[in-house]
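*Asks:* Next up is a structure, given as structure tokens.
The values are calculated or read from the model by the stated rules, or taken from the named source; none is laboratory data. Quantities reported herein were computed from a predicted structural model and do not represent experimental measurements. Here Cβ is always computed from backbone atoms with ideal geometry, including for glycine, and neighbour counts include all displayed protein chains. Heavy atoms of the whole protein, side chains included, go into the accessibility calculation; ligands, DNA and RNA do not. Shrake-Rupley method; radii C 1.70, N 1.55, O 1.52, S 1.80 Å.
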Amino acid sequence: KKRYNMNLKEAENVPVTSVERRIPFKPVSIDATMEDLVQMAMNQNFVPVVDDRGFFIGMVTRKDIIKYCYSKLEKEN
């Protein structure tokens, strides 16, 4: 809104796909390993997940990854 000097009503007509991303979030495939997710989460707050055709199907947050790793550590101790 601030960047294009438009009001909220005008902004409703702008397609989301036309807005430039400040940070390009790299996705992982649906069959990515936990190591892949951890590696990606070190540099981004969430990791988009894509299917075999490259379509977005969801995201994994850094919080989810930390909770998963923490639960694994607790089970080992």
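*Asks:* Under the 0.36 nm per residue contour assumption, what length would be gained going from the current alpha-carbon distance of residue 64 and residue 10 to full extension?
*Replies:* In short, 15.8 nm is gained.
*Asks:* Ignoring ligands, DNA and RNA, what percent of the accessible area of the stretch 1-43 is carbon or sulfur (1.4 Å)?
*Replies:* 55
*Asks:* Work out which trypsin sites (Lys or Arg not before Pro) in the chain are exposed loop sites (DSSP not H, G, I, E or B, at most 10 other Cβ within 10 Å) and give the longest gap free of them.
*Replies:* In short, 23-52.
*Asks:* Out of 43, 77, 58, whose Cα points farthest toward the positive end of the dipole of the chain (charges: +1 Lys, Arg; -1 Asp, Glu; placed on Cβ)?
*Replies:* Result: 43.
*Asks:* Counting only heavy atoms of protein chains, what accessible area per residue, in Å², does the chain have with a probe of 1.4 Å?
*Replies:* That works out to 90 Å² for each residue.
*Asks:* Applying 1/(1 + (r/R0)^6) with R0 = 22 Å to the Cβ-Cβ distance of residue 33 and residue 74, what FRET efficiency is obtained, to the nearest 0.05? All intermediate terms of the calculation are to be shown ahead of the outcome.
*Replies:* Numbers: r = 21 Å, r/R0 = 0.95.
Efficiency, from the Cβ-Cβ distance: 0.60.
*Asks:* Of the chain, which part is the longest with no chymotrypsin sites (Phe, Trp or Tyr not before Pro) in a loop (DSSP not H, G, I, E, B) and with at most 13 other C-beta atoms within 10 angstrom?
*Replies:* For chymotrypsin sites (Phe, Trp or Tyr not before Pro) (loop position, at most 13 other Cβ atoms within 10 Å), the longest site-free span of the chain is 26-54.
*Asks:* Report, in cubic angstrom per residue, the convex hull volume of the C-alpha atoms of the chain.
*Replies:* So the per-residue Cα hull volume is 127 Å³.
*Asks:* Can you run the Rg to Rh ratio on the stretch 32-74? Use alpha carbon positions and the Kirkwood inverse-distance Rh.
*Replies:* That ratio equals 1.01.
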